[in-house]
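Below is one structure, written out as structure tokens; the observations come after it.
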Amino acid sequence: MKTPTNSMYTTHLLAEHVHSFSSAPPAVGTRDTALRCILDLVGAAVAGSALQCSRAARDSAAALFGKGEAAIWMTDRTVMPIAAVIANATAASALDLDDGHRAARGHPGACVVPTVLTLAPFASVSADDVLSAIVSGYDVGVRVAAAQNAQGIQTRQSGRWAALAAVAAAASLFKVEPPLIAQALSIAGVLAPNQQANGSSGYSRLTGNDVKEGIPWSAATGLMALDLARNGYTGPEDLLDHPDYYDRQRILEGLGQRFEICGTYFKPYACCRYIHPALDRLFDLVKVHELRAADIISVEVETFGWALKLGNVLSPANLVDIQYSLPYCVAIAAIDGRGALAPVSESLLHRRDLTELARQVRITVNPEIDALFPAETLAKVTVETRRHKYVSALDGPSGDPQRPMDWHAIEEKFLGVTRHALSPSKQEAIIDGVLGLAGGELDPFLRLLRFPG
């Protein structure tokens, strides 16, 4: 990669960086994380594929883009590649089980992994090429996301930057030359969904909808941007060089030396990451003190201010409402336990016992915790029962790099969240298929994604 200079646009430097992944095996330290990202994301997609939003995406993408040879995962349907990416990314992000990154404040995996695995059969590539493309997509996407100036870019949903991650992943996979990559990044950064209405930082307060972070549409925009660049379309190459919008230094810091995929967090529960620290602290208290839901009078959650910006509805109307309700998820955890949150199901809706306990959950902003956000997302939970008051430690969620989910934990999560969708033999075959990528075996794993479980 060329040495960064002030005379080169940031998109050019990123393009050189992306191109470097095309000719090298995955960097030391990234392979294991990439394998965990793949298994985790495929599990999230399998679990989310039965939801109405996923069915809608499959049907609409097929109708709009037509027949093709790209696989919609775990079905016998094949469509055009861009349609398959939309369908697979929708399923992957449907249940909020997909991975995330603290610096990005968003979800790179649901964009990058479907992009790479859906396109890989058309690229004549090796298993190492696939792993390198995934590392490339995470690296560019997270760097751009982390560099956003909140004053100039007022919504932080993943759709704002995931298109650039898709460009990086696909360009690495297909070994595209740097000038075209730079143009594609520029195009994607302008055309990506603006997400101004949706999510916790958008102006709409109705969070119980399927648009969520806009990841599938952003991935499709990235693929379209790359094809447009190949055909001579241009974009503003200085896109990332305006400090009112992006911090150039953050994008370029450690480029080629530090890989952002290593900062990925994984989610044991199918809900917004901002809820997870409270759930873990509650489970700590339940385990140590053998608490029963019937004895709980109230729960206080001390956490950071952004958790109060979630929907936090007490009587969810759909699964997305559950995913963004801290009180209701706490009630699920207390009454039904961990398994009910991985994944959530429609059987949790319209439950009077859950709503009644959710009404007893109080969320307060702890200034000490708030000052550490977003670098740390911490919580402290106090549970009052008929006899005692129990106070948890102050800590963050499991699955963060500081509290990692190793391969065994990701495997256990995969088995749990796919238990209703895949046969045990198919589950084991997919796990073995992902492990086979480390040994250079690609085609057997890709074939496993093509057919129902």
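From zero up to wherever the largest Cα-Cα distance of the stretch 203-294 sits, split into 10 Å bins and tell me the percent of pairs in each. Going from the shortest bin to the longest, the percentages are 10, 19, 33, 22, 9, 5, 1.
Charge tally around A62: other residues with Cβ under 12 Å, Lys/Arg +1 each, Asp/Glu -1 each, net +3. When you work out D = kT/(6 pi eta Rh) for the stretch 110-260 at 10 °C and 1.306 mPa s, using the Kirkwood radius from C-alpha pairs as Rh and the Stokes-Einstein form, the result is 103 µm²/s. Probing with 1.4 Å while keeping every protein chain in the model, the per residue accessible area of the chain equals 39 Å². Of the GluC sites (Glu not before Pro) in the stretch 282-335, the ones in a loop by DSSP (not H, G, I, E or B) with at most 12 other beta carbons within 10 Å are E290. Taking the Cβ of L173 as the center, what net charge do the other residues with Cβ under 13 Å away carry, scoring Lys and Arg +1 and Asp and Glu -1? Counting the neighbours of L173, the net charge comes to -1.
About its Cα centre, the dipole of the chain is roughly 780 debye, where the only charges are +1 on Lys and Arg Cβ and -1 on Asp and Glu Cβ.
The charge dipole of the stretch 170-231, taken about its Cα centre with unit charges on the Cβ atoms of Lys, Arg (+1), Asp and Glu (-1) only, comes to about 60 debye. Please give the helix 127-146 orientation as an angle from the longest Cα principal axis of the chain, in degrees from 0 to 90, rounded to the nearest 10. Once rounded, one gets 70 degrees. For the chain, the longest principal axis of the C-alpha atoms and the axis of helix 31-48 are separated by about 60°.
The local environment of H107, defined by Cβ-Cβ distances under 14 Å, has a net charge of +1 under the rule Lys, Arg +1 and Asp, Glu -1. Counting residues in the chain as N, plug N into 2.2 N^0.38 Å and put the Cα Rg over that result. That ratio works out to 0.95. Helical content alone sets the calculated 222 nm signal of the chain at -14500 deg cm²/dmol, taking -39,500 (n - 2.57) per DSSP H segment of four or more residues and averaging over every residue. Here the stretch 4-150 yields Rg over Rh of 1.00, to two decimals, using C-alpha coordinates and the Kirkwood radius. Among the trypsin sites (Lys or Arg not before Pro) within the stretch 78-154, not one is in coil by DSSP while having at most 13 neighbouring Cβ atoms inside 10 Å.
For a straight C-alpha distance cut-off of 27 angstrom, the lysines reachable from K413 (same-chain residues fewer than eight places away being disregarded) are K212, K267, K287, K380, K426. The alpha carbon gyration tensor of the stretch 1-86 gives principal lengths a ≥ b ≥ c with a/c of 1.5 or higher and a/b greater than b/c, which makes the shape prolate.
Compared with the dominant principal axis of the Cα atoms in the chain, helix 326-336 is inclined by about 70°. Inverting the pair-averaged 1/r between distinct Cα atoms of the stretch 96-193 gives 13.5 Å as its Kirkwood hydrodynamic radius. Pairs of C-alpha atoms in the stretch 285-392 farther apart than 22 Å represent 32 percent of all such pairs.
Of the solvent-accessible surface of the chain, computed with a 1.4 Å probe over protein heavy atoms with every protein chain present, carbon and sulfur atoms account for 52 percent.
In terms of accessible area, using a 1.4 Å probe and ignoring ligands and nucleic acids, E16, E356 rank largest first as E356, E16.
The values are calculated or read from the model by the stated rules, or taken from the named source; none is laboratory data. Bear in mind the structure is a predicted one, so any value in this text is a computation, not a measurement. Using ideal geometry, Cβ is built from the backbone for each residue, glycine included, and neighbour counts are taken over all protein chains shown. What goes into the accessible areas is simple: the full protein's heavy atoms, side chains included, and nothing from ligands, DNA or RNA. Shrake-Rupley method; radii C 1.70, N 1.55, O 1.52, S 1.80 Å.
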